Amino acid sequence: MPTFSSSDLVSALNWRYATKQFDPARKIAADDWRALEEALRLAPSSFGVQPWKFVVVETPALRAQLREVSWGQSQVTDASHLVVLAVKREVDAAHLDRYIADTARTRGVSVESLAGFRKVIDGFVAARAKAGQLEVWAAKQVYIAAGQFMASAAVLGIDTCPLEGIDPAKYDELLGLAGTGWATQMAIAAGYRSETDKYATTPKVRFPASEVIERR
């Protein structure tokens, strides 16, 4: 049972912001980073099919190359860690076979007993593919993982910055994803804010709850 209080949660979410300047001298502890990787792995997805891959970029030279195709954003190289979130372009039968087999193994049931569940997924995926929306649907799942990652980081007192101002095709080339069926969707820099980042103390701008939350 989680022991994190509701006030602690709200405080952490108010504290977090899209960090513009990271302190390159501060590194995320190994245990904390493992927890954040688990936050990605444990993220929910539609039907639980997990149409994603997470690439943790550790090589400084590679991060420098990625910065060049990220409009020169310093977060790419200065943050303690950089993770690239990739989407599976085609949620095909092989991927679903793997998922159903993993579900059966994890829950101690037979693959055959999951035939009805598999049929539902197949129908949903086929409908999205026919409408030309399959990759869009899969990409939405990646953003669920991104949100969970950033919220988890905030709880741990770790700063993050989601990065969409990047050249996905160039990322795919540099990361060896081109032609593999995976495609860069976004990246997230994680680490600790620099004392000189003025945005750390800039008031957060959000519409009031009365305007964005309705009750029926």
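The values are calculated or read from the model by the stated rules, or taken from the named source; none is laboratory data. Quick caveat, the model's predicted, so the values are computed rather than measured. Using ideal geometry, Cβ is built from the backbone for each residue, glycine included, and neighbour counts are taken over all protein chains shown.
Observations
- Extreme residue, surrounded by the most Cβ atoms within 10 Å (Cβ to Cβ), among residues of the stretch 185-216 that are under 30 Å from residue 57 (Cβ atoms) and of a type in the set (Val, Ile, Thr): 188
- Test: residue in the stretch 159-167 that is touching a helix residue (DSSP H, G or I) at 6+ places or on another chain (Cβ under 8 Å) and charged (D, E, K, R): yes
- On the stretch given as the stretch 121-149, residues that are in contact (Cβ under 8 Å) with a residue 40 or more places away in the chain, farther than 28 Å from residue 160 by Cβ and aliphatic (A, V, I, L, M) total 2.
- Helices (runs of 4 or more DSSP H) (entirely within the stretch 108-216) containing at least 2 residues that are charged (D, E, K, R) and closer than 30 Å to residue 93 by Cα: 115-130, 134-155, 168-175
- Contact map, the stretch 22-38: first residue closer than 12 Å to residue 152 by Cα and of a type in the set (A, V, I, L, M), second residue crowded, with 16+ Cβ neighbours inside 10 Å and modelled with pLDDT of 95 or more, Cβ cut-off under 7 Å, separation 6 or more or different chains; pairs are 35/156; 36/149; 36/152; 36/153; 36/190.
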